Every structure is written in C-alpha cells, then in structure tokens.
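Okay, so here's the structure we're looking at.
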Amino acid sequence: MEYTDLNVWIESRKLVKMIYDLTNSFLKEEVYGLTNQMRRSGISVPSNIAEGCGRRTSVDTVQFLHVSRGSLYELETRLFLAMDQEYIGLSNFESVLSQIKTCKKLLNGFINYYLNK
C-alpha cells in the first residue's frame with residue numbers, strides 16, 4: 001500500500017486545505033507570523049507521514065510519525081491563538097479543530113500499528 005492511499009495522509013491533506021482557506025482571511029500583517037506558522041505546521045503533517053513511510057525501519061517511520069503528531073499539536077495551539085486574536089469565528093474554529101482531532105486519532109492508530117509490528 002502506498003502512503004497516498006492511507007486515510008491519515010488523505011485527511012491531513014484535507015486539513016492543509018482548510019488551513020490555507022482559513023488563513024487567507026487573516027490580516028496581511030500576519031503573513032510572516034501566524035499565517036505562515038499555521039501553514040507550515042499544517043504542511044508538516046502529511047509531509048512527515050510521507051517521509052516516515054519512505055523509511056526502511058519501523059523505528060525510523062515512527063520517529064517521523066511522532067514529528068507529524070507534534071505538528072498537529074502546534075497547529076491546534078495556533079488555531080486557539082487565531083481565535084484569541086479574533087481572526088476566526090467559532091464555526092471555523094470548531095470545523096478545523098474537528099479535522100485536527102480526526103487526524104490525531106488516525107495518526108495515533110497508525111503509530112500504534114507500527115509500534116506493534
């Protein structure tokens with residue numbers, strides 16, 4: 001199975017799309033601040049899943065999956081910060097947070113799969 005067939009990778013790509021759509025409405029002064037940080041942490045999730053799947057050992061794969069999980073937590077925090085700054089409304093916040101939680105569950109399951117291999 002290719003990494004591109006994995007639900008965790010597919011759902012994390014959806015998350016990246018949501019983040020780009022969301023941050024398009026941020027203040028232009030945030031382009032090098034919160035906008036960039038949210039996009040980078042979002043992009044890190046599917047990127048590290050892909051890189052981990054390309055590694056030779058389960059230990060290496062799990063290391064990259066953990067980096068991906070860390071990026072989800074960074075993104076979640078930045079989402080809260082965007083709401084605190086009133087850059088996003090409650091509806092958008094809840095929608096993206098729900099997708100982050102979906103990705104966390106899928107990623108945790110994928111990590112457990114590799115740990116039990």
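Since every read-out is calculated from the coordinates, none of them should be taken as a lab result. What you are looking at is a predicted structure, and each value in this text was computed from that prediction instead of being measured. Reconstructed Cβ throughout: ideal geometry from the backbone, glycine too, with neighbour counts over all protein chains shown.
General observations
- For the peptides 9-18, 106-115, 53-62, the ranking by packing is 9-18, 106-115, 53-62, with the highest mean count of neighbouring Cβ atoms within 10 Å listed first.
- Rounded to whole Hz, the Karplus (6.51, -1.76, 1.60) HN-Hα couplings of the stretch 58-66, x for glycine and proline: 4, 4, 5, 4, 4, 4, 5, 5, 5
- Proximal lysines to Lys104, defined as alpha-carbon separation beneath 17 angstrom and excluding residues fewer than eight positions away on the same chain: Lys14, Lys17
- Rounded FRET efficiency, nearest 0.05, which uses the C-beta distance separating Asn7 from Leu81 and R0 of 25 Å: 0.35
- Between Leu115 and Arg55, the modelled labels are 1.4 nm apart [label points 7 Å from Cα along Cα→Cβ].
- Förster-model FRET efficiency, 35 Å R0, Ser91 and Val67, C-beta, rounded to 0.05: 0.70
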